[in-house]
Amino acid sequence: MTPKPLINNRLSWIDYDKGISIILVCYLHLSYLLQFYFNINADAYWILKYSNIFLYGFRMPLFFMVSGVLLNRSLEKRGLNGYIKNRFNTVFYPLLIWGFIRVTLQLAAGNLSLKHGSPSLYFYILADPRKIAPLWYLHALFCISFIYAFVKVKFKLSALHNLMLGLLLYLASGYVTTNNLQVGFFADIFKYYIFFAVGDLLSGILLSDNARDFLYSRKLFFILMVPFALVQGIVMNYNIAHHNIFYVENSIPILFLFQGLLGCSFSIAFSFLLQKWDVLPALKTIGFHSLYIYCMHYIVIIATCMLCVKTLHMHNILLLVGICWTTAVAVPILFYKLANRLNMWWLFSLGKPKSRAVNKVQQNAPAFGSL
């Protein structure tokens, strides 16, 4: 079967891949908030518990890897200064905006807030973004993108050399984590630099027309399926035995690294098949809007849970999860589109999007109503 031509040169497999990851990220945060702040154990349903634990481990690494895949294209198009400026406008700026919104809402809610806070939280947006969950990712992505691109261009460090550097940083991250040392946001830079490097190293293959037949084949998918299931199962058993979904990540970092790389590879292979078949357009739409979903989903989940649990006294766990999970994904997409129409683009980017480009994307992206 010949793949259909890509619309507007968009790499559809990347949107599929990011769509898979952001949906899983939304559920992870939903299950955490339900359990620890609303005393609702969604894990009471084994399908929710085991699928969440089984599929954990490659969600965040995948975002860094995809960014690494696109690095060379962006550098060729914009140059180093343009690349860094673009990363600031589209990654770091949303961190500042949505970090400010998140902290302000938390302080304004007062006793109604899930967590009590102080104005010092504004400082942590930059100093220790892990305390402003889950915006640490935007901070880490910007820092890694900046450092990686700078050393690649200025010091002529190849992808392979950056991979070696990333491995050293990852080992340092493992030492920091297993010894419970506090190094702030540097821990995330050390941990995820290697995934960015892997993406850069593989970009020549993943973006090559010559490798398209192999990437679109079912053979790659089935080759990766067995080791993927085996490793995910081993990690799941470790995490369940220690009653902690983060046990392997924090205590056996080498296994987490292997799990992340294998999980990313399997997810990418699956995404290429989805692009080949041109199915699930809603998933592709979700992936295209993944950054905006990431910025808003935590706030949306909290608001929806408070409405359903505190106001409507909803006790059906499956119904509650379904509603909160759907709104976590759908509301940010709808809000983003509304913000653009109301000329409030500054909520998501420092630079105003070109109206013609925005219209083309909106025309060719599948409507969210097809979900």
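The values are calculated or read from the model by the stated rules, or taken from the named source; none is laboratory data. What you see is a predicted model, and the numbers here were worked out from it, not measured in a lab. For neighbour counting, all protein chains shown are included, and Cβ atoms are generated from backbone atoms with ideal geometry for every residue, glycine included.
The numbered conditions (1) over 26 Å from residue 55 (Cα atoms); (2) at pLDDT 95 or above; (3) within 23 Å of the chain's Cα centre (by Cα) are all true for residue 189 except (1).
Out of 133, 109, which single residue is outside any helix (DSSP H, G or I) and surrounded by 14 or more Cβ atoms within 10 Å (Cβ to Cβ)?
Values: 109 fails: outside any helix (DSSP H, G or I).
One residue alone meets the criteria, 133.
Can you find a residue that is at pLDDT below 85, farther than 26 Å from residue 201 by Cα and of a type outside the set (S, T, N, Q) anywhere in region 16-37? Looking through region 16-37, at least one residue is at pLDDT below 85, farther than 26 Å from residue 201 by Cα and of a type outside the set (S, T, N, Q).
Hey, can you tell me all the residues within region 266-318 that are in contact with an Asp or Glu (Cβ under 7 Å, 6 or more places away or on another chain) and not small (Gly, Ala, Ser)?
Initially, region 266-318 is screened for residues in contact with an Asp or Glu (Cβ under 7 Å, 6 or more places away or on another chain), giving 267-268, 271, 284, 287-288.
Selection gives 268, 284, 288.
Could you please let me know if residue 213 is loosely packed, with under 13 Cβ neighbours inside 10 Å, in a helix (DSSP H, G or I) and out of contact with any helix residue (DSSP H, G or I) (no Cβ under 9 Å at 6 or more places or on another chain)? So that I can check it myself, show each step before the final result.
On the way: loosely packed, with under 13 Cβ neighbours inside 10 Å: yes; in a helix (DSSP H, G or I): yes; out of contact with any helix residue (DSSP H, G or I) (no Cβ under 9 Å at 6 or more places or on another chain): yes.
When the stated conditions are applied, residue 213 passes them.
The residues listed here are 166, 184, 174; of these, the one that is buried (at least 17 other Cβ atoms within 10 Å of the Cβ), without any contact (Cβ under 8 Å) to a residue 60 or more places away in the chain and small (Gly, Ala, Ser) is 166.
For the subset of region 45-73 comprising residues that are hydrophobic (A, V, I, L, M, F, W, C) and not in a helix (DSSP H, G or I), which member is farthest from residue 20 (Cα to Cα)? If we take residues in region 45-73 being hydrophobic (A, V, I, L, M, F, W, C) and not in a helix (DSSP H, G or I), then 70 is farthest from residue 20 (Cα to Cα). Of all the numbered requirements in (1) crowded, with 17+ Cβ neighbours inside 10 Å; (2) farther than 20 Å from residue 228 by Cα, residue 20 misses one, and that requirement is (2). Within region 337-346, can one find any residue that is modelled with pLDDT of 90 or more, small (Gly, Ala, Ser) and more than 17 Å from residue 94 (Cβ to Cβ)? No, the conditions are met nowhere in region 337-346. In the list 302, 286, which residue meets the criterion of being at pLDDT 95 or above, over 16 Å from residue 64 (Cβ atoms) and buried (at least 22 other Cβ atoms within 10 Å of the Cβ)? It is 286. Whenever a residue of region 310-323 is under 14 Å from residue 27 (Cα atoms), its partners that are of a type in the set (S, T, N, Q) and not in a helix (DSSP H, G or I), lying with C-beta atoms within less than 9 angstrom and at least six residues away or across chains, give the pairs 317/41.
Of everything in region 290-309 that is without any contact (Cβ under 8 Å) to a residue 60 or more places away in the chain and either in contact with a Cys (Cβ under 8 Å, 6 or more places away or on another chain) or acidic (Asp, Glu) (or both), the residue that is nearest to residue 138 (Cα to Cα) is 304.
Candidates 155, 222, 146: the one that is in contact with a helix residue (DSSP H, G or I) (Cβ under 7 Å, 6 or more places away or on another chain) and surrounded by fewer than 19 Cβ atoms within 10 Å (Cβ to Cβ) is 146. Every test in (1) farther than 30 Å from residue 303 by Cα; (2) crowded, with 18+ Cβ neighbours inside 10 Å; (3) charged (D, E, K, R) is passed by residue 85 save one, and that test is (2).
For residues that are under 18 Å from residue 59 (Cβ atoms) and among the hydrophobic types (A, V, I, L, M, F, W, C), scanning just region 241-251, find the one that is surrounded by the most Cβ atoms within 10 Å (Cβ to Cβ). So the residue we want is 248.
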